[in-house]
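Below: one structure, written as structure tokens.
The values are calculated or read from the model by the stated rules, or taken from the named source; none is laboratory data. Remember, it's a predicted structure, so these values are computed and weren't measured experimentally. Positions of Cβ are backbone-derived with ideal geometry, glycine not excepted, and every protein chain shown enters the neighbour counts. Each accessible area value is taken on the protein alone, full model and side chains, heavy atoms only, with ligands, DNA and RNA left out. Shrake-Rupley method; radii C 1.70, N 1.55, O 1.52, S 1.80 Å.
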Amino acid sequence: MDLSNQVFTIQFAIFFEDKAEISMLKFASIIQGVFSAMFTKEPQMLPLPEDAPLEIPRCIFEKEDKSASLAISLNRMDFKAGLKDGALWRNNVEVIAYTLIQVCESLNVGIKRLGLVIQTKTDTFFEEKTNGIVLLDDFKSSDEKTISWVNQKKISDKFIVNIFRNIHINRNNLEIPGLLTIDVNTHVDTPLLCSAKETTEILTNLMSEIEEKLKNVF
């Protein structure tokens, strides 16, 4: 079982180091240059009061067909995109994520954590396998069911990642009867704060963890 070709959304998050000095104008200027083919419109700059929560976006880029967006706040940056059927999700992540890591380095903004989320469609075979593993009363007969779990894994002497999996099955949803979400992110207790080269190596680890879970989610 390999669900790699069914991935239809990706999300990549960069969490900035605490008290990072963030210039929205500088971020916007560089991103407009490196992603000019994707984001052809001017970004939306949101004027907020100084006491507004750090996580509220101050700058938002959006592709004209709304298939991709990039939001920047004072403590994180989030890229989201939909993929066409059969698209290679890892290729898409690598191009975008590596570039955003370089943008942060060019602005001397340290990266504390990384997160990568994908969503993929599942089929009846996947549901049958799930039913055979989850031994709860009435689980198999239920038309709509959800199960999720999280594990931690040490990827080096210094870093731990969280691996979150969520399965949602809804037989009444004819468009997407089954959905698997995989969220892999670096643990809050092992902040990165390393070079761009080391950060991209950790990102490679995150992508490899997702690839492994797409082949065998259990």
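Given (1) over 26 Å from LYS129 (Cα atoms); (2) at pLDDT below 95, identify the lone condition not met by THR204.
Unmet condition: (2).
Do we find a residue being touching a residue at least 40 places away in the same chain (Cβ under 8 Å), part of a strand (DSSP E or B), crowded, with 17+ Cβ neighbours inside 10 Å and aliphatic (A, V, I, L, M) anywhere in segment 181-200?
Looking through segment 181-200, at least one residue is touching a residue at least 40 places away in the same chain (Cβ under 8 Å), part of a strand (DSSP E or B), crowded, with 17+ Cβ neighbours inside 10 Å and aliphatic (A, V, I, L, M).
Looking at (1) charged (D, E, K, R); (2) under 26 Å from PHE218 (Cα atoms); (3) touching a residue at least 12 places away in the same chain (Cβ under 8 Å), which is the one condition that is false for GLU105?
Of (1) charged (D, E, K, R); (2) under 26 Å from PHE218 (Cα atoms); (3) touching a residue at least 12 places away in the same chain (Cβ under 8 Å), only one is false for GLU105: (2).
Name the single residue, out of those in segment 208-218 being of a type outside the set (Asp, Glu) and either farther than 13 Å from GLN119 by Cα or not in a helix (DSSP H, G or I) (or both), that is most open to solvent (accessible area, probe 1.4 Å).
Selected residue: LYS215.
Hey, can you tell me all the residues within segment 55-80 that are within 13 Å of ILE22 (Cα to Cα), surrounded by 13 or more Cβ atoms within 10 Å (Cβ to Cβ) and in contact with a Ser or Thr (Cβ under 7 Å, 6 or more places away or on another chain)?
Quick first cut of segment 55-80, residues within 13 Å of ILE22 (Cα to Cα) only: 55, 57-59, 72-77.
Still in the list and also surrounded by 13 or more Cβ atoms within 10 Å (Cβ to Cβ): 57-59, 72-77.
Scanning segment 55-80 gives PRO57, ARG58.
Could you tell me which residue of segment 81-119 is nearest to LYS26 (Cα to Cα), considering only residues that are part of a helix (DSSP H, G or I) and of a type in the set (Val, Ile, Thr)?
Within segment 81-119, the first condition is being part of a helix (DSSP H, G or I), and the residues that meet it are 89-106.
Adding the requirement that they be of a type in the set (Val, Ile, Thr) leaves 93, 95-96, 99, 101, 103.
Details: VAL93: 23, VAL95: 21, ILE96: 18, THR99: 15, ILE101: 15, VAL103: 10 Å.
Within segment 81-119, the match that is nearest to LYS26 (Cα to Cα) is VAL103.
Hey, can you tell me all the residues within segment 107-138 that are open to solvent by 70 Å² or more (accessible area, probe 1.4 Å) and either closer than 24 Å to VAL188 by Cα or β-branched (Val, Ile, Thr) (or both)?
Across segment 107-138, the qualifying residues are ASN108, THR124, ILE133.
Could you check segment 10-42 and list, in sequence order, the residues that are assigned to a loop (DSSP other than H, G, I, E, B), over 21 Å from the mean Cα position of the chain (by Cα) and surrounded by 15 or more Cβ atoms within 10 Å (Cβ to Cβ)?
Hits for segment 10-42 are ALA20, ILE22.
Let's see how each residue does on (1) at pLDDT 95 or above; (2) more than 17 Å from the chain's Cα centre (by Cα); (3) small (Gly, Ala, Ser):
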| residue | (1), (2), (3) |
| --- | --- |
| CYS59 | yes, yes, no |
| SER67 | yes, no, yes |
| ALA71 | yes, no, yes |
| MET77 | yes, no, no |
| ASP85 | no, yes, no |
| THR99 | yes, no, no |
| VAL109 | yes, yes, no |
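So which residues in segment 165-192 are among the β-branched types (Val, Ile, Thr) and under 11 Å from ILE118 (Cα atoms)?
THR181, ILE182, VAL184 - these are the residues of segment 165-192 that are among the β-branched types (Val, Ile, Thr) and under 11 Å from ILE118 (Cα atoms).
Only one of ILE30, ILE60 is closer than 26 Å to LYS197 by Cα and either of a type in the set (S, T, N, Q) or out of contact with any His (no Cβ under 8 Å at 6 or more places or on another chain) (or both); which?
The unique qualifying residue is ILE30.
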